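The structure appears right after this line, and notes come after that.
The values are calculated or read from the model by the stated rules, or taken from the named source; none is laboratory data. Predicted model, so just to flag it, every value in this text is computed and none were measured. Cβ sites come from the backbone with ideal geometry, for glycine too, and all protein chains shown count toward neighbours. All accessible areas refer to the heavy atoms of the entire protein, side chains included, with ligands and DNA or RNA removed. Shrake-Rupley method; radii C 1.70, N 1.55, O 1.52, S 1.80 Å.
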Amino acid sequence: MRAPAQARPPREAIRCPPDVIAILGPTAVGKTPVAVTVARCLGGEIISSDSRQAYRGLQIGTAAPTPAEMDAAPHHGVGFLEPGERYGAGRFARLARGWIGEIRDRGAVPIVVGGTGFFFRALTDPVFQEPDLDEGRRARLESWLADRTIEELQRWTEKLDPAIQDRLGVLDRQRTGRALEMALLTGRNLDWWHLNSPPEAPPVRARIWVLELDSESLRERIGARTERLLGEGWLDEVETLVRAGHSGSSPAMSSIGYRHVLDLAQGRISREAAVQAILRDTWRYGRRQRTWFRHQLPPDAVRVDAGEGYDRLAARIVADWRDITTRATERSALREAARPEAEKP
């Protein structure tokens, strides 16, 4: 059974013209092909808010935009980081605000696309302004953290920041590293900074579209995609990363599926076992994404059935954006006409 499409909100619900279109949803629902079609119709540029597609050399396993999709529309935030670099919501938001400004200056439409909810929220509900940290102490801490097991990092994080698991869910190396860095280098945990430090920038206004699928359909798409990615060279991709010196502790290599493909490449598990483990982990991640998008977005987010077809969904988004921008132009013209003559230039 497909997820029901939500009716468009009334006209009066859109009070200010948005800065960006946002196309969000769980893994494997088809966000990229919809976004590329929207970008081609509107003269738009895509900003990836995916926390893993940012890494160079992880195109296959993260289902990053294909070369053809990258050629069809300009993309930002894809394949520009080394696998050993850390990439959190704050860094994404700072980069994305710059990209949005540049895209709008070119007269194009920024289209934010992804499934990492915390990255998107860092744009619309900006993270706290960070204190200056001593780079020498930071580097020494990062070196120390790199030698710890994930279980050790999780134990330290839960002691120093007890509320973090409720807020973030899975505590991977990147999230524990961020929490420990703030707690140990500032003496205050992340929750304290979120509550007591002002936001680092004004919020970005977004027209939000959420692509949804029922559980059965999402499982099927995850399964089909897993088989496709393995067939397209995921194993070779992981072996290339290992030869380049990126181990399982690398931030990028903690991406879903990479540990299991590494085990497959090194003969520790069978292909069937790897596929089942990837399916299990991806489905769990997709469930968490669905829960986040269900409860953490504003009420005017437009929710649509991803089974409608990419072209049809794109057409709806394009028509809606044109309607919004036309009404914004009309309102601006009315306000200008109503100004007293003495105030007009």
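Structure notes:
- Options R339, R259, R268: the member that is of a type outside the set (V, I, T), in contact with a Gly (Cβ under 8 Å, 6 or more places away or on another chain), open to solvent by 40 Å² or more (accessible area, probe 1.4 Å) and free of Cβ contacts under 8 Å to residues at least 40 places away in the same chain: R259
- Options R284, R322, R290: the member that is charged (D, E, K, R), assigned to a helix (DSSP H, G or I), within 30 Å of Q174 (Cβ to Cβ) and open to solvent by 70 Å² or more (accessible area, probe 1.4 Å): R284
- Test: T124 is over 13 Å from L184 (Cα atoms), surrounded by 17 or more Cβ atoms within 10 Å (Cβ to Cβ) and among the β-branched types (V, I, T): yes
- Top-ranked residue in region 134-150 [being surrounded by 13 or more Cβ atoms within 10 Å (Cβ to Cβ) and over 26 Å from the mean Cα position of the chain (by Cα); ranked as nearest to L171 (Cα to Cα)]: R148
- P202 falls short on exactly one of the conditions (1) part of a loop (DSSP other than H, G, I, E, B); (2) surrounded by 20 or more Cβ atoms within 10 Å (Cβ to Cβ), and that condition is (2).
- Of the helices (runs of 4 or more DSSP H) contained entirely in region 87-180, those carrying at least 1 residues that are touching a strand residue (DSSP E or B) at 6+ places or on another chain (Cβ under 9 Å) and among the hydroxyl-bearing types (S, T, Y) fall at 117-124.
- Some residue of region 237-245 being more than 24 Å from E220 (Cβ to Cβ) and not in a helix (DSSP H, G or I): yes
- Total residues in region 263-281 satisfying the condition of being farther than 27 Å from V113 by Cα and in a helix (DSSP H, G or I): the figure is 8.
- Residue in region 222-231 that is out of contact with any helix residue (DSSP H, G or I) (no Cβ under 6 Å at 6 or more places or on another chain), open to solvent by less than 20 Å² (accessible area, probe 1.4 Å), under 20 Å from I150 (Cβ atoms) and in contact (Cβ under 8 Å) with a residue 60 or more places away in the chain present: no
- Candidates G107, G84, G90 - the one that is out of contact with any Ser or Thr (no Cβ under 8 Å at 6 or more places or on another chain) and surrounded by fewer than 18 Cβ atoms within 10 Å (Cβ to Cβ): G107
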